[in-house]
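Working notes for the structure below.
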Amino acid sequence: MMDRRGVLALALSGAAAFVTPKVQAQKAKARTRIVFLGTKGGPRVGVGASNPANVIIVNDTPMVIDCGMGVSRQLVNAGVPLPSVKYIFVTHHHSDHNLEYGNLFYNAWAAGLSSPIQSFGPAGMEQMTKDYWQLNKFDVETRIEDEGRPDPRKLLIARDIAADGVVLRTDDVTVTAFRTPHPPIVDNFAYKFETPDGVVVFSGDTNYNPKLAEFARGADVLVHECLYLPAVDRLVLRTKNGATLRKHLLASHTTTEDVGRIAAAAGVKVLVLSHFVPGDDPLVTDDNWTDDVKKNFSGRIIVAKDLMELNLPV
Ligand SMILES: [Zn+2]
Ligand SMILES: [Zn+2]
């Protein structure tokens, strides 16, 4: 496979004249990259950003982190063939992170999946997977019989994560889970991906947790959730369950100012803000998201958008 330097050398040699732009674009893809698929925190489906999901692709192996509503469509939009997905990691069982878990697998199967997908998540993954097959028994059995498809139930291998530690080791990547509080949920994990091109940590949903900074220490990229307080106060005014919702949001998420503290303590090269709460307030600008982060963190900050890509090394 040709790396970027190879493509550049080809271009400089003049041979690029024979390479179509499309082929060049494909060859220029970095060995390791992240695509932010859905950046809006919370389960509400809107016209703007999609619900939480990310994918990290190493050597053409896509690993999906969280399956908020829309993850399948966003992978397709990102040019990631669904049957190429090999691993799914769910951070916790709030529906904005798992609602499309089974359906993502199903959609990969419908698109011709023939090799297994392994999924990992807190207690409940294995049961949820069994329940999914119960829910879709009729369709799946009909298609196996009627269309000659392989039995998908054998192709989805789910595993509950009980404790912190390495959950996956391949030739390319080591994935480590780290429990972080997201009240009232305790079965909730951040994930670290050690790739040949750098270390990436996804905070998942978390309250302000200095221990997460230790877990992310020295990472090249930290993708952290964030909460913008002034907009939460506006949200509270227009929501019926406003007061209770505000209490939940403050207890279970991390304010932008505290995200800066975590990134600084971890000493990461790049901080990516995502899982925006609220994620659909048109009055909130990119500067609003970063201003309070900058009080504590002086490194590079990226405000993630749906389908934005970040190549590694950074
Ligand atoms: Zn969430
Ligand atoms: Zn959550």
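What follows is calculated from the coordinates using simple rules that are stated; it is not laboratory data. The shown structure was predicted, so the numbers you read here are calculated from the model rather than taken from an experiment. Neighbour counts run over all protein chains shown; Cβ positions are idealised from the backbone, glycine included.
Straight-line cross-link partners of LYS137 among the lysines, defined as a Cα under 21 Å from its Cα and at least 8 positions apart when in the same chain: LYS154.
Computed over the chain, relative contact order equals 17 percent, with contacts defined as Cα pairs under 8 Å that lie 6+ residues apart. Placing dummy labels 7 Å off each Cα toward the beta-carbon, the span from TRP133 to ASP287 is 5.5 nm.
Among LYS137, LYS240, LYS29, rank each residue by its count of other Cβ atoms within 10 Å, from fewest to most, as a rough exposure measure. Don't jump to the answer; show the numbers that get you there.
Details: LYS137 11, LYS240 7, LYS29 17.
Fewest-to-most ranking of LYS137, LYS240, LYS29: LYS240, LYS137, LYS29.
Counting only lysines at least 8 places from LYS295 when in the same chain, those with an alpha carbon closer than 27 Å to its own are LYS40, LYS192, LYS211, LYS247, LYS269, LYS305. By the equivalent-ellipsoid construction on the alpha carbon gyration tensor, the stretch 152-224 comes out with semi-axes of 21, 19, 9 Å, ordered largest to smallest.
Counted residue by residue at 0.36 nm each, then reduced by the alpha carbon distance between them, the extension gain from LEU245 to ALA123 reaches 41.4 nm. Mind telling me which of TRP133, TRP289, TRP109 comes out most flexible in a GNM of the chain, alpha-carbon contacts under 10 Å? Comparing TRP133, TRP289, TRP109 in the GNM, the peak value goes to TRP133.
Ignoring aspartates and glutamates fewer than eight residues from LYS86 along the same chain, the ones with Cα atoms less than 15 angstrom from its Cα are ASP60, ASP66, ASP171, ASP172. As a length-normalised measure over Cα pairs under 8 Å and 6 or more apart, the relative contact order of the stretch 38-96 settles at 33 percent.
Its residue count N sets the reference 2.2 N^0.38 Å, and the alpha-carbon radius of gyration of the chain equals 1.02 times that reference.
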